[in-house]
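Following: one structure in structure tokens, then a few remarks.
The values are calculated or read from the model by the stated rules, or taken from the named source; none is laboratory data. These figures come from a predicted structure and were not determined experimentally. As a convention, Cβ positions derive from the backbone with ideal geometry for all residues, glycine included, and neighbour counts pool all protein chains shown. These area figures cover heavy atoms from the full protein model, side chains too; ligands, DNA and RNA do not enter into them. Shrake-Rupley method; radii C 1.70, N 1.55, O 1.52, S 1.80 Å.
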Amino acid sequence: DYSKIEHGKLELEERAVDIRTLAETTVSIIRGRADDHGNTVILDIPDSLDALYVRTDPTRLRQVLLNLLSNAVKFTSKGTVTLRLREFYRQGKLMLRFEVEDTGIGIDEAGLAKLFKPFSQVDASISRKYGGTGLGLTICKQIVEKLGGELGMSSTVGVGSIFWFELAVVAVGKDEVRRHATGQDRAPLPRLRILLVEDNRVNQLVAMRFLDRLGQEVVVAGDGAEAVSIAKEQAFDVILMDMQMPVMDGIEATRRIIAEGGHCAATPIIAMTANASDDDRRRCIEAGMAGFESKPVTIERLRSVIQSISTGPVEGKTMPENIGLPEPIIIDNVDLNPFAIEGLDEARQSELVDALGEDVFRELVESFFTDANGLIKDLHVALANHDPEKIDRVLHTIKGAAVNVGLNDIADFAHALRSNRPSPADVDKLSGEIETLKFKLVA
């Protein structure tokens with residue numbers, strides 16, 4: 001996100017939103033973490049609001065609220081965190097004011113000056129004790145300003161802090177929100193035949209569930225060699241190709257599908273990978289791919305891929321910019337609390353639950369832990385056989401599957417182990433981290 005901000009590519013997508021539902025689900029996500037700190041979370045919304053249904057970007061709005069609430073919970077112990085929503089009119093415009101108030105440690109004047117600077121913490125002891133990159137508030141400020149609003153705060157050491165932001169909004173009717181929630185306001189998608197090439201079962205499940213939700217017909221190949229074989233026999237409208245797989249990777253599979261001149265020689269092939277470097281893009285272009293999508297995959301980016309494919313051929317085989325960030329489908333009365341714990345990316349959790357439902361989300365998380373047992377065994381075998389290529393591939397698989405279901409701490413750990421050859425003790429530590437998180441999430 002910070003990189004996109006720096007390059008002026010932070011994208012917004014406006015839609016009709018039920019503000020009360022968004023606030024309630026956001027608080028539900030954070031409540032479990034608050035309980036761990038002995039905190040009470042209060043949602044303060046007036047019963048009657050002119051701005052109950054408004055047009056805004058729900059993904060970005062939720063991202064800001066989650067960050068502010070996460071900070072409030074992190075720096076408060078056995079206290080109270082309040083999300084307060086008020087409306088008022090300014091120069092004839094309807095305004096919403098969001099406040100996140102805590103009874104935590106507070107910030108002195110010297111610390112206030114550092115708050116919104118990139119990679120900056122109030123002081124070194126904060127970073128050591130609480131962690132963090134020092135980017136969250138910078139991103140929040142940029143998002144609020146992109147939405148046309150203003151973000152500020154006040155704080156007293158030992159008493160607590162209030163972070164607030166105000167946005168000008170346009171009220172809409174409840175019917176418009178429901179049309180957005182059901183997709184009735186969108187142009188219907190054509191039903192395409194899609195070959196999904198992905199070796200990891202969790203990643204397969206996420207993509208298949210999203211594509212099924214979008215009304216698509218999907219055939220799955222577990223590696224590049226299988227994809228080449230299937231593409232010889234069957235025709236597809238688009239191929240979604242993972243890059244790093246056993247047996248045959250996505251780059252080689254793409255070259256062979258095109259070179260063999262079968263049913264799919266001219267079919268657009270879209271790379272889907274957790275790697276998103278310029279070198280990866282170059283390799284995709286050289287192999288003949290028609291597009292590039294970074295993981296974790298989102299339902300809205302898949303929707304955009306399908307729309308772009310259905311409107312005509314991809315001209316010049318050029319690599320488009322990644323399509324905008326995910327826009328959750330609003331589902332009323334979703335209780336997200338069971339998974340609201342440290343180690344889980346709340347934004348990704350929210351997106352998956354909104355799009356697929358809580359039961360499917362549970363299934364995906366449990367599938368990750370089931371698969372992780374086998375992957376850890378594979379790692380130990382690869383270490384014993386002194387097979388660096390397989391070590392890297394297994395760590396890449398763990399990272400990709402973890403980030404797909406929002407287990408970012410596990411993904412970061414696995415990625416870090418790819419930099420230097422891990423020892424058996426490193427793998428045991430990774431296994432221990434996975435088991436600890438499994439106990440919290442599944443037990």
Neighbours by Cβ (under 6 Å, 6+ apart or cross-chain): first from segment 30-47, acidic (Asp, Glu); second open to solvent by 20 Å² or more (accessible area, probe 1.4 Å) and not in a helix (DSSP H, G or I): 44/84
Scan segment 401-422 for residues that are outside any helix (DSSP H, G or I), touching a residue at least 12 places away in the same chain (Cβ under 8 Å) and not β-branched (Val, Ile, Thr) and report the count. 4
Candidate set: segment 69-114, residues that are crowded, with 17+ Cβ neighbours inside 10 Å and β-branched (Val, Ile, Thr); chosen: the one modelled with the lowest pLDDT: 107
Looking only at segment 1-42, which residues are in a strand (DSSP E or B) and either of a type outside the set (A, V, I, L, M) or at pLDDT below 85 (or both)? 15, 16, 18, 40
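Looking only at segment 207-222, decide whether some residue is within 17 Å of residue 298 (Cα to Cα), open to solvent by less than 20 Å² (accessible area, probe 1.4 Å), among the small types (Gly, Ala, Ser) and not in a loop (DSSP other than H, G, I, E, B). Reasoning before the result, please.
From segment 207-222, those within 17 Å of residue 298 (Cα to Cα) are 207-216, 218; that's our starting set.
Then drop every residue that is not open to solvent by less than 20 Å² (accessible area, probe 1.4 Å), which leaves 207, 210-211, 214, 216.
If we keep only those that are among the small types (Gly, Ala, Ser) too, we end up with 207.
Those left that are additionally not in a loop (DSSP other than H, G, I, E, B): 207.
The answer is yes; a qualifying residue exists.
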I'd like the full set of residues that are open to solvent by 40 Å² or more (accessible area, probe 1.4 Å) and either outside any loop (DSSP other than H, G, I, E, B) or at pLDDT 90 or above (or both), limited to segment 223-248. 226, 229, 232, 233, 234, 235, 237
